[in-house]
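Taking it in order: structure first as structure tokens, then the write-up.
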Amino acid sequence: MREFEGGTAVITGAASGMGLAMAECFAREGMNVVLSDIEERALKDAAARIEALGVTALAVQTDVGNEGEMDHLGRVVRAHFGAPDVLCLNAGVGGGGGPTHQITTRDWKWTLDVNLWGVIHGLRVFLGDMRERDAGHIVTTASVAGLTSFPGSLPYNATKHAVVSIMEGLFSELAEAGSNVHVHCLCPGVVATNITHSERNRPKELRNDVDGEAPREIPAQMRSFLDRVYAEAKPSSEVAELVLAAIVEGRFWIQTDGFFRDAIKARHRSIENDTDPPARGSLLSVYGL
Ligand SMILES: NC(=O)c1ccc[n+]([C@@H]2O[C@H](COP(=O)([O-])OP(=O)(O)OC[C@H]3O[C@@H](n4cnc5c(N)ncnc54)[C@H](O)[C@@H]3O)[C@@H](O)[C@H]2O)c1
């Protein structure tokens with residue numbers, strides 16, 4: 001049985017990767033899909049793909065870090081469909097990486113705007129309607145980077161830890177209120193998407209070369225390592241199926257693989273035992289970096 005048939009899914013970052021895969025998965029369940037993304041061309045193409053599956057696809061170009069644009073997304077969804085049955089706050093960027101003393105204010109701002117404020121605005125705009133209707137599912141795309149503390153991408157880690165904390169807090173808040181709105185926290189490991197190319201999404205005013213500084217390119221050797229690892233990683237369509245299953249089964253945590261389980265356990269043990277943090281080396285060290 002397709003229990004969500006005729007319902008509405010709203011997805012941020014829906015033009016690529018896991019967002020697009022979730023859009024396709026929900027459309028196959030017979031749901032109408034509101035796709036939002038900052039990239040206009042890719043968003044139009046994605047909406048056409050979803051429409052071809054025989055459901056209504058509405059494309060709303062939105063920068064999730066922009067309060068007014070998220071308010072607009074809320075108004076469009078409310079006018080067309082009312083409160084969403086499934087809300088996926090998924091848009092995200094890799095953000096500025098490297099040694100922390102080299103990370104710029106612009107790197108921090110860009111990463112926090114998209115990965116953290118995108119979720120904050122999404123909840124502010126949609127949660128009230130969903131609670132009033134007393135139904136629906138909210139899925140945020142956090143990361144294993146929100147469950148561990150590897151070095152090399154501190155702005156990214158900070159946003160994902162914040163998203164995990166928001167979702168855990170929201171879970172308790174809704175449970176205490178006896179609400180029928182359910183929340184799910186997706187913590188992917190490495191998934192084959194375009195995330196390592198997210199500089200394409202960086203607004204001009206937050207680029208590091210804006211004042212004539214040379215842009216920091218990913219070194220060629222690292223680029224080919226990343227391209228290989230991500231090309232061979234779990235397909236985003238499989239992650240979308242895991243998300244659907246967690247929604248149907250009412251599970252909070254959605255983990256995509258076991259690669260980082262030891263690192264997560266080791267971190268939790270260090271907190272319980274009051275010992276030094278265990279994570280050393282890059283998050284991608286499990287892939288040979
Ligand atoms: N791919 C991985 O290995 C991985 C692992 C853990 C978590 N994640 C998270 O998964 C989520 C989806 O990323 P993905 O891996 O599918 O990458 P992706 O680059 O393929 O997709 C991200 C989408 O977000 C959009 N986006 C970027 N900035 C935006 C903004 N300001 N407003 C609206 N949309 C914006 C992009 O245009 C793109 O369509 C992100 O939150 C990311 O942090 C990815």
Exercise. Does residue 167 fit the bill of being among the hydrophobic types (A, V, I, L, M, F, W, C) and under 17 Å from the mean Cα position of the chain (by Cα)?
Worked result: yes
Seminar exercise, completed: Checked pairs for region 32-60, first more than 13 Å from residue 19 (Cα to Cα), second in a loop (DSSP other than H, G, I, E, B) and away from the ligand (no atom under 14 Å from the Cβ), C-beta under 6 Å and 6 or more apart or across chains, list as 32/55; 32/56
For this session: Specify the residue that is farthest from the ligand (Cβ to nearest atom); the eligible residues are those in region 50-65 that are over 13 Å from residue 11 (Cβ atoms) and in contact with a Leu (Cβ under 9 Å, 6 or more places away or on another chain).
Result: 61
For this session: Return yes when residue 211 is under 16 Å from residue 283 (Cα atoms) and either of a type outside the set (A, V, I, L, M, F, W, C) or in contact with a strand residue (DSSP E or B) (Cβ under 6 Å, 6 or more places away or on another chain) (or both) and no when it is not.
Result: no
Problem set entry | Candidates 76, 125 - the one that is part of a helix (DSSP H, G or I) and either crowded, with 19+ Cβ neighbours inside 10 Å or touching a Phe, Trp or Tyr at 6+ places or on another chain (Cβ under 9 Å) (or both) | 125
Exercise. Is it true that residue 71 is touching a residue at least 60 places away in the same chain (Cβ under 8 Å), closer than 27 Å to residue 159 by Cβ and not hydroxyl-bearing (Ser, Thr, Tyr)?
Worked result: no
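Quick note: the coordinates plus some simple rules give every number you see, no bench work behind them. What you see is a predicted model, and the numbers here were worked out from it, not measured in a lab. Heads up, the Cβs are rebuilt from the backbone with ideal geometry, glycines too, and the neighbour counts pull from every protein chain shown.
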